[in-house]
Amino acid sequence: MQIYELRATRNALNDVIADLSAISEQNAASTAETNESMEALASTFSKISESAEGLRGLAGDLTDTISYFD
């Protein structure tokens, strides 16, 4: 009877370990996906910042042009 119980316990532990391994793989995939999203977001903010700088320059040029008529 004890051997049967030990085998059942071993099998249950193997199942738990397999489940934990699957969860770990899913977490790793989710982390990689999140990292890719964050990199894309950082790139987008960088482009927005560059565009804002360009707009700031255009606004300055426009102010200079308008002040010519004052």
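Could you give the angle, 0 to 90 degrees to the nearest 10, between helix 2-68's Cα long axis and the longest principal axis of the Cα atoms of the chain?
Rounded to the nearest ten degrees, it is 0.
Please list, by residue number, every one of the chymotrypsin sites (Phe, Trp or Tyr not before Pro) in the chain that is coil in DSSP and has at most 16 other beta-carbon atoms within 10 Å.
Hits after loop and neighbour filter: Phe69.
With n ≥ 4 as the cut-off for DSSP H runs, can you work out [θ] at 222 nm for the chain, using -39500 (n - 2.57) per run divided by the number of residues, rounded to the nearest 500?
Theoretical 222 nm ellipticity from helices: -36500 deg cm²/dmol.
Local charge sum around Gln26 (other residues, Cβ-Cβ under 14 Å, Lys/Arg +1, Asp/Glu -1)?
Overall, the nearby charge balance is -3.
No solvent, one uniform scatterer per C-alpha: report log10 I(q)/I(0) for the range 1-41 via the Debye equation at q = 0.24, 0.25, 0.27 1/Å, two decimals.
Per q value, in the given order, log10 I(q)/I(0) is -0.75, -0.78, -0.82.
What do the square roots of 5 times the Cα gyration tensor eigenvalues come to for the chain, in whole Å, largest first, as semi-axes of the equivalent ellipsoid?
In descending order, the three semi-axes are 67, 6, 4 Å.
We did not get these values from a lab; they are worked out from the coordinates using the rules stated. Here the structure is a predicted model, which means the values were calculated and not measured. Because the Cβ atoms are built from the backbone with ideal geometry, glycine has one as well, and the counts that use them run over all protein chains shown.
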